[in-house]
Amino acid sequence: MNSPLKPAIDAQVDEIYVVDLTSPPRTYERATLPLAYQVLSAGFSSALRRDIESAHELNRIYLAAHMQGKLVQDKLEISKMDTTPGKEPEISTRHYRYLRIYVIRPDPDPKGITSFLDFNPQNAKALIQQGEKQAEETLSRHYEKEMVGPSGKKKMALFSQ
């Protein structure tokens, strides 16, 4: 599976900061270039959101396994069996760590794609300031909570308001 977050997840990182610039458009374009951008952006956005949801689901399963004392060396172990007809059944096992994912979604720019193509220093400065402000707002809505498993083992989990 080729997806936007898979390389980072496979690298067993502890944290991922995602800046999702693919928010739904406020209006739909009629010109070819902006319309093509919206179509490509929608495809990428859907893959990105699917990856984020999958990672959140794995985190939920990880925390449930932690609370039940069922982690293997602090990792979630998931096995699956491939029973494709005509092939020898194959069992594969993957290990997952808890992953902190911070998703920053800047407000869509009313100018759309054209604002990113405006290299005027004042425009660039305004976009940077807007991005920094929204990143701070997003990160301030996250907090950690200590989860204690049955053996007394503690794990810090990330939540958002």
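The values are calculated or read from the model by the stated rules, or taken from the named source; none is laboratory data. A quick note: this is a predicted structure, and the numbers were derived from the prediction, not measured. Reconstructed Cβ throughout: ideal geometry from the backbone, glycine too, with neighbour counts over all protein chains shown.
A few comments on the model shown:
- Extreme residue, modelled with the lowest pLDDT, among residues of segment 27-48 that are surrounded by 15 or more Cβ atoms within 10 Å (Cβ to Cβ) and either of a type in the set (D, E, K, R) or in contact with a helix residue (DSSP H, G or I) (Cβ under 6 Å, 6 or more places away or on another chain) (or both): E29
- E77 vs. criteria assigned to a strand (DSSP E or B) and surrounded by fewer than 10 Cβ atoms within 10 Å (Cβ to Cβ): no
- Exactly one residue out of L99, L58 is surrounded by 15 or more Cβ atoms within 10 Å (Cβ to Cβ), out of contact with any helix residue (DSSP H, G or I) (no Cβ under 7 Å at 6 or more places or on another chain), under 22 Å from V13 (Cβ atoms) and at pLDDT 85 or above: that is L58.
- Scan of segment 80-95 for residues that are assigned to a loop (DSSP other than H, G, I, E, B) and polar (S, T, N, Q), ordered by number: T83, T84
- Flag set for R105, criterion: under 15 Å from the mean Cα position of the chain (by Cα), surrounded by 11 or more Cβ atoms within 10 Å (Cβ to Cβ) and in contact (Cβ under 8 Å) with a residue 40 or more places away in the chain.
- Taken together, the criteria place Y62 among residues that are closer than 29 Å to D20 by Cα, outside any strand (DSSP E or B) and in contact with a strand residue (DSSP E or B) (Cβ under 6 Å, 6 or more places away or on another chain).
- Against the numbered list (1) among the hydrophobic types (A, V, I, L, M, F, W, C); (2) in contact with a strand residue (DSSP E or B) (Cβ under 7 Å, 6 or more places away or on another chain); (3) without any contact (Cβ under 8 Å) to a residue 40 or more places away in the chain, A135 comes up short only at (3).
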